[in-house]
Ligand code: MV4
């Protein structure tokens, strides 16, 4: 592959993803520039980068989300290009445009593609026009509950009301009967108005017991597009992914499904004029039917799962594509080998309503050994700041079979000790020992079932999960989001945990 035209790249992000990018840049002989806020002066990404630029106070709105300060840092350090990571400004079309306007290459898709896929109904139209299957629904926002009712009458119940400006499940309502439609429409609309400043609602047929399966795509700036297969992300809680894996257990047993989904993803991406790395999300039903949901126009948290089964470095490919290179292979050269799985290790306490648990890491033992990869952003003695998403690390394993990957993950989790703060490591041990998970019987309702009632059906439940289930049964945390202490709550919300980490 060509020597890239970028001697130096600034990473407009923090934590494990900044480190992930730094590592590839070092392998490519490209100098890295980290950015950091007041809260991140001692962060690992700052220590590991070749250069680092302070960009402002702790709140992300004044640092990691501040376009001018990031461009300023890129200028001061003489960077040629900017990698946005995930979250923060990674899916902000104005940021991508501002980078280009200031003379920096944005390592990602065009501002136009980002903007196209940013609207849920816009993305649906683009995908449909390109020939990807979409869930039957209204083409744009339904002006009134009456319009929504007309669709539901024709399509049949249940239906799903969704916010046009949507994301993270806000402004979303399942409706099973005509009698409930008006009140659900009003509730969804006012929730959407509060969350997004736009109360527009559209309607889709509800896909029951859906799985969330996504396709990694990769395109160059010469019109070549390929897919790198699927990731199954059905194990999630409140629209936050918890475990991701490839192959999807469903896709693995459905002949031709990967090829069909891959083709649909490429159609949607092509219709958006897409280049660089992107992810097309689908809802899949039990019989192998699938529907376009949305497209994420960034590198995702769970990209290592795809790297492990394909043997590719997605960050290197992103940089090469941004430099104008052609894809170095065609679709028929992509091979998938074995099974990979990722656990998102968070500073949160699963036994206490998943309450965030930032603080000082007083002791740390990290897993390693055969088939283990740890993309981590922490070190002993460091204090996890409460201003940002509390993702500590991603533990990724690879093995020849899914069954052995699960056992390997359990082995690696057993080697992992984070002292001084609470982590969700015990939750993973419960999931990986659950017979339904081991059988690949997962959908987007799986984790809620495990946490509420599934325990009764599980032989030899772990003490940890029993504790979680008991607490939920006691109704302390049953129906609502954990509420951090009033003082820290707004900062957690401001950090936009739901913004980019879905
Ligand atoms: C759906 C659905 C079932 N039917 N749409 C949730 C977040 C938003 N981006 C889309 N979501 C869903 N849309 C129809 N027509 C079920 C979900 C859904 C979901 C989707 C992906 C991952 C996790 C989920 C959890 C609950 C519901």
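The values are calculated or read from the model by the stated rules, or taken from the named source; none is laboratory data. Small disclaimer: the values here were computed from a predicted structure and weren't measured. As a convention, Cβ positions derive from the backbone with ideal geometry for all residues, glycine included, and neighbour counts pool all protein chains shown.
Please state which one of 310, 330, 279, 306 is closer than 22 Å to residue 125 by Cβ, in contact with a strand residue (DSSP E or B) (Cβ under 9 Å, 6 or more places away or on another chain) and modelled with pLDDT of 95 or more.
279
Within the range 242-249, is there a residue that is part of a strand (DSSP E or B) and either surrounded by fewer than 19 Cβ atoms within 10 Å (Cβ to Cβ) or free of Cβ contacts under 8 Å to residues at least 24 places away in the same chain (or both)? Can you show your working first?
Residues of the range 242-249 that are part of a strand (DSSP E or B), as a first pass: 242-246.
Still in the list and also either surrounded by fewer than 19 Cβ atoms within 10 Å (Cβ to Cβ) or free of Cβ contacts under 8 Å to residues at least 24 places away in the same chain (or both): none.
So far as the range 242-249 goes, no, none of its residues is part of a strand (DSSP E or B) and either surrounded by fewer than 19 Cβ atoms within 10 Å (Cβ to Cβ) or free of Cβ contacts under 8 Å to residues at least 24 places away in the same chain (or both).
Determine which member of the set 115, 143, 149 is more than 15 Å from the ligand (Cβ to nearest atom), crowded, with 17+ Cβ neighbours inside 10 Å, free of Cβ contacts under 8 Å to residues at least 40 places away in the same chain and over 24 Å from residue 240 (Cα atoms).
149
Go through (1) under 20 Å from the mean Cα position of the chain (by Cα); (2) at pLDDT 95 or above; (3) under 30 Å from residue 65 (Cβ atoms) for residue 446 and report which single condition fails.
Condition (3) is where residue 446 drops out.
Is at least one residue of the range 154-163 at positive phi, surrounded by fewer than 21 Cβ atoms within 10 Å (Cβ to Cβ) and free of Cβ contacts under 8 Å to residues at least 60 places away in the same chain? Let's see the steps before the verdict.
First, pick out the residues of the range 154-163 that are at positive phi: 156.
If we keep only those that are surrounded by fewer than 21 Cβ atoms within 10 Å (Cβ to Cβ) too, we end up with 156.
Adding the requirement that they be free of Cβ contacts under 8 Å to residues at least 60 places away in the same chain leaves 156.
Yes - at least one qualifying residue is present in the range 154-163.
Can you tell me which residues in the range 417-445 are buried (at least 19 other Cβ atoms within 10 Å of the Cβ), out of contact with any helix residue (DSSP H, G or I) (no Cβ under 6 Å at 6 or more places or on another chain) and under 27 Å from residue 385 (Cα atoms)?
Within the range 417-445, 418, 421, 422, 423 qualify.
Return yes when residue 237 is more than 21 Å from residue 119 (Cα to Cα), surrounded by fewer than 22 Cβ atoms within 10 Å (Cβ to Cβ) and within 16 Å of the ligand (Cβ to nearest atom) and no when it is not. Explain how you work it out, then say what you get.
On the way: more than 21 Å from residue 119 (Cα to Cα): yes; surrounded by fewer than 22 Cβ atoms within 10 Å (Cβ to Cβ): yes; within 16 Å of the ligand (Cβ to nearest atom): yes.
Yes, satisfied.
For residue 34, only one of the following conditions fails: (1) surrounded by fewer than 23 Cβ atoms within 10 Å (Cβ to Cβ); (2) in a strand (DSSP E or B). What is its number?
If we test residue 34 against (1) surrounded by fewer than 23 Cβ atoms within 10 Å (Cβ to Cβ); (2) in a strand (DSSP E or B), just (1) comes out false.
Among the residues of the range 173-230, write down those that are under 30 Å from residue 254 (Cβ atoms), within 13 Å of the ligand (Cβ to nearest atom), in a strand (DSSP E or B) and free of Cβ contacts under 8 Å to residues at least 40 places away in the same chain.
If the condition is that a residue be under 30 Å from residue 254 (Cβ atoms), within 13 Å of the ligand (Cβ to nearest atom), in a strand (DSSP E or B) and free of Cβ contacts under 8 Å to residues at least 40 places away in the same chain, then 174, 175 are the ones that fit.
What are the residues in the range 94-112 that are part of a helix (DSSP H, G or I) and buried (at least 20 other Cβ atoms within 10 Å of the Cβ), if any?
The initial filter retains those residues of the range 94-112 that are part of a helix (DSSP H, G or I), namely 94-101, 111-112.
Once the filter is applied, which keeps residues that are part of a helix (DSSP H, G or I) and buried (at least 20 other Cβ atoms within 10 Å of the Cβ), the range 94-112 yields 95, 96, 99, 111.
Please find, among 253, 258, the residue that is more than 23 Å from the chain's Cα centre (by Cα) and away from the ligand (no atom under 16 Å from the Cβ).
Selected residue: 253, the only one of 253, 258 that is more than 23 Å from the chain's Cα centre (by Cα) and away from the ligand (no atom under 16 Å from the Cβ).
Just to be sure, is residue 61 farther than 30 Å from residue 186 by Cβ, under 20 Å from the mean Cα position of the chain (by Cα) and away from the ligand (no atom under 16 Å from the Cβ)?
It is false that residue 61 is farther than 30 Å from residue 186 by Cβ, under 20 Å from the mean Cα position of the chain (by Cα) and away from the ligand (no atom under 16 Å from the Cβ).
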